[in-house]
Every structure is written in C-alpha cells, then in structure tokens.
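Colleague: Sharing a structure, written as structure tokens. Questions coming.
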C-alpha cells in the first residue's frame, strides 16, 4: 500500500476492526469450547474503539508511533481481562520501534510484527506451545525477521508471515493449554484451536492486506 506511514497504520486498524467484527461470532464460538465465549466480542469492541478514536483525531499531523500510542491507551481502556494489556503492550512496543519513522518500508513493517510478539510475550510471560496467541505471533515474527534479513519485498514477506501464523494457529489444536483460561480444562483443551491464536491470524491477514499491496 502506497502512502505515508501514518495513513498506513490508520488503514491497518480500520481493516483489523472490520475483519475482527466479521469473525467475532466464530471467535467467540472457539472461545466457548475452552473459555468464556466472549473473545470475539471483546476483540471487536477493542478495535472498534481504536478506529473510532482515530477517526476523531487529526492523525495527519502525527507520526506512526503516536498512532500506536493512541491505539494502546484506547484498547486498554476498552478491553478488560487479559487481552487488553497484552495488545496494549504490543502497540506500545510497536510505537517504540517506529519512533522517529515517517515512512514504513519492509524493514519497519517486519519490526511491527516483532514488536507485537515481544510485547505480548513479555506481558503474558508465555511461550510457544502454551496454546495461546503466541503460537501464532512467535512464528509470524520469525518469518518477519527472516524476510527482513533476505530483503524480501513486502508482498512476499507478508505472505510468509501470514502462512507461518496460520500454521502456528492450527498447531494449537493438538496442544494442552499451559496458560490462560483454558489451563483449567487440562486434557479437555485438546482438539480445540486457541481463540487468541485465531484472532492473531485475522489481525495478521488484515496487516497483509494493508502493507502487502503493491
């Protein structure tokens, strides 16, 4: 997608919000198998609040890092439970990575994915294999780093990132939860895709649609 970084980040959040809203029923259904059946509703509420806040803000005068800071505080205010702090930290880390940046090339885009992963991992203190959203974000970040090292074009990079996230999400079906609300289910969490990993894939797909356009 052509344009400055601020426009890209604003468009990214709009696409994420629309995609999450369209899938909120499926996400809550996944959550119903191992959690409180509210993940889709919660995520839709958070991203909808972010897009409303950004639409009412004169974003053109702000750098990309400030858009992420606004998103972080808005998401945290709108979403309780564990998901709010996790993504608020992800957005804050992304803001730090983009400090001083106006344009977002492939390297900066990869940095956003890596920042999301590091923020969620640090705040949630989880890891791959715990049956959480990190099972999508960790391989996605690894794919982003690999693409950056190879100087891959954005379109190729985002396809790799999304594919890695999809495979990671699918792998949660064969896991027993080690963290999160599904932990209490023990072996009964087997056979179910983690809703947080599923929503991460939706987010990454929306990011791909934003940044991966020629």
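Values quoted throughout were computed directly from the atomic coordinates according to the rules given, and no laboratory measurement underlies them. Please read all numbers here as calculations on a predicted model, not as lab measurements. Because the Cβ atoms are built from the backbone with ideal geometry, glycine has one as well, and the counts that use them run over all protein chains shown.
Colleague: Angle between the Cα long axis of helix 39-55 and the longest principal axis of the chain, 0 to 90 degrees, nearest 10?
Modeller: So the helix axis and the longest Cα principal axis differ by about 10 degrees.
Colleague: GNM, the chain, Cα, under 10 Å: largest mean-square fluctuation among 110, 95, 37?
Modeller: Among 110, 95, 37, the largest GNM mean-square fluctuation belongs to 37.
Colleague: Considering every pair of different Cα atoms, what Kirkwood radius, in Å, is found for segment 76-118?
Modeller: 10.9 Å
Colleague: Continuing with the same structure: Over segment 5-211, what portion of Cα pair distances is larger than 29 Å, expressed as a whole percent?
Modeller: It works out to 17 percent of all Cα pairs.
Colleague: If you line up the Cα atoms of segment 1-97 on their principal axes, what length do they span on each, largest first, in Å?
Modeller: Its Cα atoms span 44, 23, 22 Å along the three principal axes.
Colleague: Continuing with this model, one more query. Mean residue ellipticity at 222 nm from the helices of the chain, using -39,500 (n - 2.57) per DSSP H segment of n ≥ 4 over the full residue count, to the nearest 500 deg cm²/dmol?
Modeller: Estimated from H runs of four or more residues: -23500 deg cm²/dmol.
Colleague: What number, in percent, do you get for the relative contact order of segment 89-165 if the mean sequence gap of Cα pairs under 8 Å and at least 6 apart is divided by its residue count?
Modeller: Taking the mean separation of contacting Cα pairs over the length of segment 89-165, I get 31 percent.
Colleague: Let me ask another. May I have the extent of the alpha carbons of segment 1-52 along their three principal axes, as whole Å values ordered from largest to smallest?
Modeller: Reported extents, whole Å, longest axis first: 42, 19, 14.
Colleague: Let me ask something else about it. Taking the alpha-carbon centroid of each part, what is the distance from segment 141-160 to segment 80-102 in angstrom?
Modeller: Result: 21 Å between the Cα centres.
Colleague: Inverting the mean 1/r over all pairs of different Cα atoms, compute the Kirkwood radius of segment 46-109 and quote it in Å.
Modeller: Hydrodynamic radius (Kirkwood, Cα only) of segment 46-109 equals 12.0 Å.
Colleague: Could you give the length gained on full extension between residue 81 and residue 33, defined as 0.36 nm per residue of separation minus the Cα-Cα distance, in nm?
Modeller: 15.5 nm
Colleague: Between the helical axis of 106-124 and the dominant principal axis of the chain, each derived from Cα atoms, what acute angle in degrees is found, rounded to the nearest 10?
Modeller: That helix lies at roughly 40 degrees to the long axis.
Colleague: Quick one: compute the contact order of the chain, relative version, from alpha carbon pairs under 8 angstrom and 6+ residues apart, as a percent.
Modeller: That works out to 23 percent.
Colleague: OK, next. To the nearest 0.05, how large is the calculated FRET efficiency for residue 73 and residue 101 if R₀ is 22 Å and r is the Cβ-Cβ distance?
Modeller: 0.65
Colleague: While we're looking at this one, here's another question. Would you work out the relative contact order for segment 1-106, in percent, from Cα pairs under 8 angstrom that are 6 or more residues apart?
Modeller: Normalised by residue count, the contact order of segment 1-106 is 29 percent.
Colleague: Angle between the Cα long axis of helix 5-34 and the longest principal axis of the chain, 0 to 90 degrees, nearest 10?
Modeller: Once rounded, one gets 10 degrees.
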